Amino acid sequence: MKTNLISKAVIMMVVVMASVMNFSASASNPTQYVKNEEMTGELMTAKTIFKNEDGHLFRHLHYTYTYDNENRVTSKEASKWDSVKEAWVPYFKMNVEYSNNEIAINYARWNSKSNAYDSNIQKSVYALNDANATLMLASTK
């Protein structure tokens, strides 16, 4: 019984040390990203993320944002770079709807067969308090 307990402890130590060493190795060579934000006044209308590999920048993700008349985000659309097509390909879209006491966020992935955001559709509704701070996730669909 005592040998079994010692064996388990040794195995656990080996696993922990391997995890720490793996984390250290990956932390010494992280993937670096560079972002370019496009602004209209104080509102970010687009953001492009580039991968930095050995000093060379490669397109990665592109986001566009739209706002309502109160400068609240109403949509966020993401595209991924397709190096074969040499073009931005739609990835997902989030629409945000505001009401008096809640915020609804609709998320959908791009469906290349139908050329529409109709894949993996999800909706989350957040309740707001009197100070318009999010209280909790009210529901999801």
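So the values come out like this:
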read-out	value
Complete set of residues in region 55-95 that are among the basic types (K, R) and either farther than 20 Å from V125 by Cα or not assigned by TED's automatic domain parsing to the domain that holds W110 (or both)	R59, K80, K85
Any hit, region 110-121, residues being within 18 Å of R72 (Cβ to Cβ), surrounded by 14 or more Cβ atoms within 10 Å (Cβ to Cβ), aromatic (F, W, Y) and modelled with pLDDT of 90 or more	no
Flag for N120 being over 19 Å from H60 (Cβ atoms), of a type in the set (S, T, N, Q) and out of contact with any Leu (no Cβ under 6 Å at 6 or more places or on another chain)	yes
Which listed residue is closer than 22 Å to R72 by Cα, assigned to a loop (DSSP other than H, G, I, E, B) and in the same structural domain as S75 (by TED's automatic domain parsing), from A131, A127	A131
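The values are calculated or read from the model by the stated rules, or taken from the named source; none is laboratory data. Everything quoted here is computed from the prediction, not taken from an experiment. Glycine gets a Cβ as well: all are built from the backbone with ideal geometry, and neighbour counts include every protein chain shown.
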